[in-house]
Amino acid sequence: AHEQCAKVQGAGSLTSIPIQWQDKVVGVLTVESANGTLDDTVLWELELVAQLCVQHLVRSERRDRWLGRRLLDWLGERATYWFEPKHLGFKLDVMGLLVAFLVSMVLPWPYRVEAQASLHSKDLLFIPAPFDGYLSEVYVDIGDVVAPGDLMVALDIRDLEQEKRMAAADVTRYQKEAEKAQAQKDFAEMQILRSREQQAQAKLALVQKQLDAARVVAPMSGTVVEGELRKNLGSPVRRGDLLLKLAQNRNLYLEVAVDQSDVQEVFVGMTGEVAFVGRPEDRFAFTVTSIEPAAVSRDGGNFFLTKAKIDVQPGWYPGLGGTAKLDAGEHSLLWVLTRRSVRYLRGLFWI
């Protein structure tokens, strides 16, 4: 080829220098000379020029290709990179992650909805304040078990005792004045005084009833589930204000507070297990019996309360809490791991 080119061009000599890129020959630099062959210094300079120009030449050649060819070339380069015996550790890590991702897409995994649970009683008794007064003594706290007749709360009776003395004095005074009017045969005045005496006696009976009710006792056995009164000692209470709430230790059911983001996975008849704080190593099965249609706000979130049937064990009391997990069927492992992130992003971007 050199000889034919030299005859056509009339050149004295031809020198061709291969242009290499990543161990491949991508072009040839041919130089004509009328004064004979080139010396080593000139050849070295030409090789240096070829090395400086090759990157720009390769980029220009690739830009001139059509889109499909460029895509095929890129895929070929990637395939060459992945199958050549280099960077073996990195390739194994990437392949391992890819395999794990594919397996997680198809591997079924049991999904369980986690929620807070507590025991409640169907038999609740509200203990209200019997009259307007002030808290004097509190003998029970939340979680205490009481028996019928146990003293729970005492109200201040100093004002009532003063009213009792005044009412008793009025009764005595009207009684004596009525007897005096009767002796004087002033029957009209006597009837008025008798009426006032009865009024004072009624007031005395009312005060005595309030004194009897000032010491609040338990009307039945149960557990105190509401009413932290010790921190309110000396504070005023009004008649009818809730002092304590008692729950009987029977007819217990499990209340599960399901977060609003998971309630769509919960249904009546769903089964699950609960572990109480005092016995985290034990699991107790339960079945969902009802779901309240409205959410309640707790700890800065919205929760749906579900009632569940559970076999009550000895020593269980209302208010006993723990963590419940409801069986929501099987989903792919990838779905289980990414459900919250995907749900957040879909809500954020309205996807």
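Numbers for the structure displayed
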{"item": "Label-point separation in nm, Thr80 to Glu189, each point 7 Å along Cα→Cβ", "result": "13.2"}
{"item": "Charge sum, other residues only, whose C-beta stays under 13 Å from Arg343's C-beta, Lys/Arg counted +1 and Asp/Glu -1", "result": "0"}
{"item": "Label point at Phe126 placed 7 Å out along Cα→Cβ; residues across region 233-251 whose backbone nitrogen lies under 11 Å", "result": "240-245"}
{"item": "Listed residue (Val94, Trp82, Leu43) projecting farthest to the positive dipole end of region 38-111, Cβ model", "result": "Val94"}
{"item": "Radius, Kirkwood style, for region 80-213 when every pair of distinct Cα atoms is counted (Å)", "result": "23.4"}
{"item": "Anchor Lys164: lysines whose Cα lies under 26 Å away (excluding residues fewer than 8 positions away in-chain)", "result": "Lys176, Lys180, Lys203, Lys209"}
{"item": "Exposure of Asp327 as accessible area (Å², to 10), given a probe of 1.4 Å and all protein chains", "result": "60"}
{"item": "Zero-based 5 Å bins, Cα pair distances in region 54-132, whole percents", "result": "3, 9, 8, 9, 9, 9, 8, 6, 5, 4, 4, 4, 4, 4, 3, 4, 3, 3, 2, 1, 0"}
{"item": "All Cα pairs of region 308-351, percent lying beyond 12 Å", "result": "77"}
{"item": "Anchor Lys307: lysines whose Cα lies under 21 Å away (excluding residues fewer than 8 positions away in-chain)", "result": "Lys122, Lys245, Lys325"}
{"item": "Cα Rg, Dmax (largest Cα-Cα span) when computed across region 1-147, Å", "result": "41.7, 128"}
{"item": "10 Å Cβ shell holding at most 11 others, DSSP loop, trypsin sites (Lys or Arg not before Pro): longest site-free stretch of the chain", "result": "240-351"}
{"item": "Nonlocal amide H pairs with Asn249, under 5 Å, H built at 1.01 Å", "result": "Thr223"}
{"item": "Region 142-187: equivalent-ellipsoid semi-axes (sqrt of 5 x gyration tensor eigenvalues, Cα, Å)", "result": "45, 12, 5"}
{"item": "Space enclosed by the convex hull of the alpha-carbon atoms of the chain, per residue, Å³", "result": "294"}
{"item": "For region 234-329: span of alpha carbons on each principal axis (Å, largest first)", "result": "54, 32, 21"}
{"item": "Residue list for region 122-149, given a label point 7 angstrom along the Cα-to-Cβ vector of Leu233 and an amide N cut-off under 11 Å", "result": "136-139"}
{"item": "For region 5-44 and region 171-193, distance of Cα centres in Å", "result": "149"}
{"item": "Where only C-alpha atoms are counted, convex hull volume of region 280-349 per residue in Å³", "result": "164"}
{"item": "Segment Glu161-His2, length gained on full extension (0.36 nm per residue, minus Cα span)", "result": "44.0 nm"}
{"item": "Cα centre as origin, Lys/Arg/Asp/Glu Cβ charges: the chain dipole, Debye", "result": "1120"}
{"item": "Hz values of 3J(HN,Hα) by residue in region 165-175 - Karplus curve (6.51, -1.76, 1.60), Gly and Pro given as x", "result": "5, 5, 5, 5, 5, 5, 4, 5, 5, 5, 5"}
{"item": "Extent along principal axes [Cα atoms of region 10-71; Å; largest to smallest]", "result": "46, 24, 15"}
{"item": "Rg and Dmax [Cα atoms of region 185-233; Å; Rg one decimal, Dmax integer]", "result": "20.5, 63"}
{"item": "Accessible surface of region 3-52, 1.4 Å probe, proportion on carbon and sulfur as whole %", "result": "51"}
{"item": "Size-normalised alpha-carbon gyration radius of region 174-272, reference 2.2 N^0.38 Å", "result": "2.21"}
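The values are calculated or read from the model by the stated rules, or taken from the named source; none is laboratory data. It should be emphasised that the depicted structure is a prediction, and the values quoted were computed from it without experimental measurement. Note that we place each Cβ from the backbone using ideal geometry, even for glycine, and neighbour counts take in every protein chain shown. Ligands, DNA and RNA are stripped out before the accessible areas are found, and what is left, the full protein with its side chains, is counted by its heavy atoms. Shrake-Rupley method; radii C 1.70, N 1.55, O 1.52, S 1.80 Å.
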